[in-house]
Amino acid sequence: HCRKAAVTCESLLVDPITKTGTSVYDLRVDDGNEEDLYAFELGDVFEVFGQYTTYDTTHFVTELLNKGMKVLVLNGDQDYVTNSLGTLKWLSSLEGTEKYGEKLGRVPTKNRKYGEGQLLGRLWASKYASGAKLAFIEAMSTNGFSSRLRSPRQATALP
């Protein structure tokens with residue numbers, strides 16, 4: 001059953017993207033230009049890490065929050081593989097010593113701006129009794145800011 005579903009999804013979603021010459025990893029660039037924006041493959045590291053298809057970080061994120069730490073999750077609104085809606089749903093399910101996701105789901109969203117008032121994206125942020133803080137930013141691709149997000153050094157300078 002899964003194979004049939006995967007073939008159907010690929011033919012309906014991935015194949016049309018591939019035919020346009022757009023990267024299936026980053027819909028904002030042409031296929032083959034991903035490395036111009038970030039390190040797509042790091043030799044030995046990629047070879048070792050590449051054997052894993054999924055990695056569930058739920059336990060680690062929950063443990064960080066349980067210890068009173070701050071966690072920031074950032075997704076672009078146009079990310080194909082890890083889209084912001086899926087990430088927000090995952091965050092909403094986080095539960096440890098407190099119901100982190102439930103509380104995050106109840107907070108009002110705020111527009112987050114940078115520079116001279118340009119919209120970075122939408123922010124969900126909540127604080128917990130343990131001192132932990134959980135925040136999620138859905139970065140908007142329409143603001144021209146997305147290219148900075150692909151560079152880790154520049155992303156650390158976010159406001």
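The values are calculated or read from the model by the stated rules, or taken from the named source; none is laboratory data. Keep in mind it's a predicted model, so treat the numbers as computed, not measured. Cβ coordinates were reconstructed from backbone atoms using ideal geometry, including for glycine residues, and neighbour counts include every protein chain displayed.
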Inset, instruction - Taking residue 129 as meeting all but one of (1) in contact (Cβ under 8 Å) with a residue 40 or more places away in the chain; (2) closer than 13 Å to residue 65 by Cβ, write down the number of the exception. - result: (1)
Legend entry - segment 51-108, subset in a loop (DSSP other than H, G, I, E, B) and of a type in the set (Phe, Trp, Tyr), residue modelled with the lowest pLDDT: 52
Inset, instruction - Tell me which residues, restricted to segment 57-88, are exposed (fewer than 15 other Cβ atoms within 10 Å of the Cβ), under 16 Å from residue 139 (Cα atoms) and either in contact (Cβ under 8 Å) with a residue 60 or more places away in the chain or not small (Gly, Ala, Ser) (or both). - result: 72, 81, 82, 85
Legend entry - Tabulated pairs, segment 16-34, first closer than 19 Å to residue 77 by Cα, second assigned to a loop (DSSP other than H, G, I, E, B) and hydroxyl-bearing (Ser, Thr, Tyr), C-beta under 6 angstrom, 6+ apart or interchain: 27/80; 29/23; 34/23; 34/25
